[in-house]
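Heads up: the structure comes next, in C-alpha cells.
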Amino acid sequence: MNAEVRVQETQAEASLIEQFAGLAKDQGGVSAETREKAFAEFKEAGLPHRRVEEWHYTDLRAKMRQAFAPAANAGEAVALPELLDDGATARIAIVDGYYRADLSSGVLPEGVTISPIAEGASLFPAKDAIISLNAAFQQEGVSIEVAEGVEVATAIEISHITTGAEKATYPRNRFVVGNGASVLVVERFVGEADAVYQTNAATEIRVGDKATATFIKLQDESRKAQHLDSVALKIGAHADVNHFTLNAGSDLSRTQLFVEFEGEESNLGARGISVLGDTQHSDVTLFVDHAVPNCESRELYKSVIADKARSVFQGKIIVRPDAQKTDGQMMVQSLLLSEEAEMNAKPELEIFADDVQCAHGSTTGEIDEDLLFYLRARGIPEAEARKMLVLAFLAEAIEEIENERVVALLETQLRALLGSEE
C-alpha cells in the first residue's frame with residue numbers, strides 16, 4: 001500500500017486561500033466563475049518550487065514567505081513620476097493595480113482607444129500557477145486597442161505605481177495592435193523606496209498582420225519588493241515586433257514571456273538587460289513558439305551581476321514540424337563583478353522541422369583586465385573605467401533595436417542606473 005504524500009501549505013499559501021475566501025468575486029469585469037476556476041488551478045499546483053522544471057532556479061515557494069492582501073482602490077491623489085521619454089507621450093496610470101483615468105492623459109492619440117478589460121479566451125498557456133493567481137485576484141484592468149492602419153506617433157507610457165507597503169497588486173491588461181498599425185509602448189513599474197510589497201502582473205498582446213510594435217518594460221520597483229510579470233504575445237503575418245526588458249529594481253523578480261508566431265514572414269526581437277547588486281534575484285524565462293513557416297526571431301539577454309546577486313535566464317525556442325525556413329538565434333551573456341555573484345543560464349532548442357537555421361549560446365565572464373588597464377593607462381579613474389566597460393558590454397542589446405527614439409530612451413535609463421557620465 002502506497003501512502004499519498006501531501007505537501008503542507010506554506011504560510012503564504014494559507015494567506016492566499018484566506019484572502020480569496022473573503023474576496024468580492026464578481027468585480028472588475030471578471031465573473032465569479034472565472035475567478036473560482038483560476039484559484040482552483042492555483043490551489044492544486046501551489047506556489048512554484050524547485051521540482052517544477054520552469055521554476056527550478058527560482059523557488060518561489062521558499063522565497064515568498066508571506067502573501068500580502070490585495071490593494072484597495074483608494075482613489076487618492078498620487079505623485080506621478082516624470083515621463084521617461086522627451087517626445088510626445090500619452091500616459092495611462094495604473095495605481096495599486098487599478099486604472100486611474102483621472103491621472104491618465106485626457107486625450108489619447110487618434111486611433112487609440114482604452115476600455116475596461118472584458119472576459120475572453122486567454123492568450124496564456126495552461127497550467128501556470130502564477131498566471132492563475134493573477135486571474136483569480138485580478139483588479140481593474142484595461143484593454144488598449146490601436147485601430148487598423150494607424151501609425152501612432154505618440155508613445156504610450158503605462159505607469160504602474162504601488163503606493164505604500166504590505167500590499168499586493170494584480171494588474172491585468174490587454175493590447176490589440178490592428179493590422180498595418182504601428183505603436184511604441186513603454187510599461188513602467190515603480191514603488192516607494194524600501195517599501196515591502198508584491199506585484200503579480202499579466203499582459204496579453206496580439207499584434208495583427210503587417211503591424212509594427214515595440215514594447216519596452218522598465219522594472220524599477222522598490223529594492224524590497226517582489227515582482228512577477230507574465231506576458232503572452234501573439235504575432236500575425238508580415239509583422240515586426242520588438243520586446244525589451246530592463247530589470248533593475250525589486251529584491252526578487254521574474255519576467256516570463258510566452259511568444260507564438262501565428263502568421264508567416266514575421267520578425268521578433270526579444271532583448272533584455274538585468275543590472276543586479278546586493279542580494280537581488282532576477283529571473284527571465286522566455287518561450288518562443290515558431291508554429292508557422294518563414295519567421296525570424298532574435299533573442300539577446302545580458303546581465304551585470306555584483307555582490308551576492310543572482311541572475312537566471314531560461315529560454316526555449318520551439319520549431320514545430322510545419323515551421324520550415326525558421327531562423328531563430330538566442331544568446332545570453334553575463335558579466336560577473338564579484339566572486340559571489342551567480343548566473344544560471346539555460347538556453348534550449350526543440351526543433352521538429354528539417355529546413356531551419358537555429359542556434360543558441362551562453363557566455364559568462366569577468367571584466368577584461370587588459371581593457372581595464374588600457375583605459376587606466378590613459379588617465380581614466382578605475383571606477384569610471386569599469387562603468388565604461390559595463391556600458392559597452394550592455395550597449396549591444398540596446399543598439400540592435402532599429403528605433404532611434406527607443407535607443408536614446410534606454411541609453412539614458414542605463415546611464416542613470418550605472419551613474420555614468422556621457
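The values are calculated or read from the model by the stated rules, or taken from the named source; none is laboratory data. Because the structure is a prediction, the values reported are computed rather than measured. Cβ coordinates were reconstructed from backbone atoms using ideal geometry, including for glycine residues, and neighbour counts include every protein chain displayed. The accessibility values were calculated without ligands, DNA or RNA, using every heavy atom of the protein model including side chains. Shrake-Rupley method; radii C 1.70, N 1.55, O 1.52, S 1.80 Å.
On the stretch given as the stretch 376-402, residues that are within 26 Å of the chain's Cα centre (by Cα), of a type in the set (D, E, K, R) and more than 21 Å from GLN329 (Cβ to Cβ) total 1. Looking across VAL292, VAL304, one residue alone is of a type in the set (Val, Ile, Thr), in contact with a Phe, Trp or Tyr (Cβ under 9 Å, 6 or more places away or on another chain) and surrounded by fewer than 23 Cβ atoms within 10 Å (Cβ to Cβ). It is VAL292.
A count restricted to the stretch 15-64 and to residues that are on the phi < 0 side of the Ramachandran plot, within 24 Å of the chain's Cα centre (by Cα) and part of a loop (DSSP other than H, G, I, E, B) stands at 11.
Condition check for GLU82 on (1) within 30 Å of ARG405 (Cα to Cα); (2) assigned to a helix (DSSP H, G or I): one failure, at (2).
Comparison of ALA77, ALA67 shows that the only residue that is open to solvent by 40 Å² or more (accessible area, probe 1.4 Å), small (Gly, Ala, Ser) and in a loop (DSSP other than H, G, I, E, B) is ALA77. Among (1) outside any loop (DSSP other than H, G, I, E, B); (2) open to solvent by less than 10 Å² (accessible area, probe 1.4 Å); (3) closer than 28 Å to LYS127 by Cβ, which single condition is GLY269 missing? Of everything listed in (1) outside any loop (DSSP other than H, G, I, E, B); (2) open to solvent by less than 10 Å² (accessible area, probe 1.4 Å); (3) closer than 28 Å to LYS127 by Cβ, GLY269 misses just condition (3). Quick check on the stretch 254-266: of everything there that is open to solvent by 10 Å² or more (accessible area, probe 1.4 Å) and either touching a Lys or Arg at 6+ places or on another chain (Cβ under 8 Å) or part of a strand (DSSP E or B) (or both), which residue is nearest to SER311 (Cα to Cα)? For the stretch 254-266, the residue satisfying everything is PHE258. Any chance the stretch 290-305 includes a residue that's out of contact with any Asp or Glu (no Cβ under 7 Å at 6 or more places or on another chain), of a type in the set (S, T, N, Q) and either in a loop (DSSP other than H, G, I, E, B) or touching a residue at least 40 places away in the same chain (Cβ under 8 Å) (or both)? Yes, the stretch 290-305 contains at least one residue that is out of contact with any Asp or Glu (no Cβ under 7 Å at 6 or more places or on another chain), of a type in the set (S, T, N, Q) and either in a loop (DSSP other than H, G, I, E, B) or touching a residue at least 40 places away in the same chain (Cβ under 8 Å) (or both). For the residues THR245, THR203, the requirement of being touching a residue at least 24 places away in the same chain (Cβ under 8 Å), in contact with a Gly (Cβ under 7 Å, 6 or more places away or on another chain), assigned to a strand (DSSP E or B) and surrounded by 23 or more Cβ atoms within 10 Å (Cβ to Cβ) singles out THR245. Taken together, the residues in the stretch 49-64 that are under 14 Å from ILE131 (Cβ atoms) and surrounded by fewer than 20 Cβ atoms within 10 Å (Cβ to Cβ) amount to 2. Please work out if ASP327 is at pLDDT 95 or above and farther than 17 Å from VAL304 by Cβ. For ASP327, the condition - at pLDDT 95 or above and farther than 17 Å from VAL304 by Cβ - is met. A Cβ distance below 9 Å, combined with a sequence gap of six or more or placement on separate chains, defines the contacts here; from the stretch 260-289, residues that are free of Cβ contacts under 8 Å to residues at least 12 places away in the same chain reach no residue that is assigned to a strand (DSSP E or B) and of a type outside the set (Gly, Ala, Ser).
Take the conditions (1) open to solvent by less than 10 Å² (accessible area, probe 1.4 Å); (2) assigned to a loop (DSSP other than H, G, I, E, B); (3) among the charged types (D, E, K, R); GLU166 misses just one of them, which is (1). Say whether the condition of being exposed (fewer than 14 other Cβ atoms within 10 Å of the Cβ), closer than 30 Å to VAL288 by Cβ, among the acidic types (Asp, Glu) and in contact (Cβ under 8 Å) with a residue 40 or more places away in the chain is met by at least one residue in the stretch 113-128. Yes, the stretch 113-128 contains a residue that is exposed (fewer than 14 other Cβ atoms within 10 Å of the Cβ), closer than 30 Å to VAL288 by Cβ, among the acidic types (Asp, Glu) and in contact (Cβ under 8 Å) with a residue 40 or more places away in the chain.
For ASP86, the requirement of being open to solvent by less than 20 Å² (accessible area, probe 1.4 Å) and charged (D, E, K, R) is not met.
Could you give every pair whose Cβ atoms fall below 8 Å, whose first residue belongs to the stretch 399-422 and is within 16 Å of GLU157 (Cα to Cα), and whose second residue is at pLDDT below 85 and of a type outside the set (A, V, I, L, M), counting only separations of at least 6 or pairs across chains? Here the result reads ARG405/ASP85; ARG405/GLY87; LEU409/ASP85, each pair linking the stretch 399-422 to a residue that is at pLDDT below 85 and of a type outside the set (A, V, I, L, M).
With the structure loaded, tell me whether THR279 is closer than 19 Å to LEU394 by Cα, in contact with a Lys or Arg (Cβ under 7 Å, 6 or more places away or on another chain) and of a type in the set (Ser, Thr, Tyr) or whether it fails that test. Answer is no for this residue. Take the conditions (1) surrounded by fewer than 18 Cβ atoms within 10 Å (Cβ to Cβ); (2) modelled with pLDDT of 85 or more; (3) not in a helix (DSSP H, G or I); ASP102 misses just one of them, which is (3). Residue-level check: of (1) of a type outside the set (D, E, K, R); (2) surrounded by fewer than 23 Cβ atoms within 10 Å (Cβ to Cβ); (3) under 12 Å from the mean Cα position of the chain (by Cα), THR214 misses just (3). Identification of strands (runs of 3 or more DSSP E) wholly contained in the stretch 313-422 with 3 or more residues that are open to solvent by 70 Å² or more (accessible area, probe 1.4 Å) yields 357-365.
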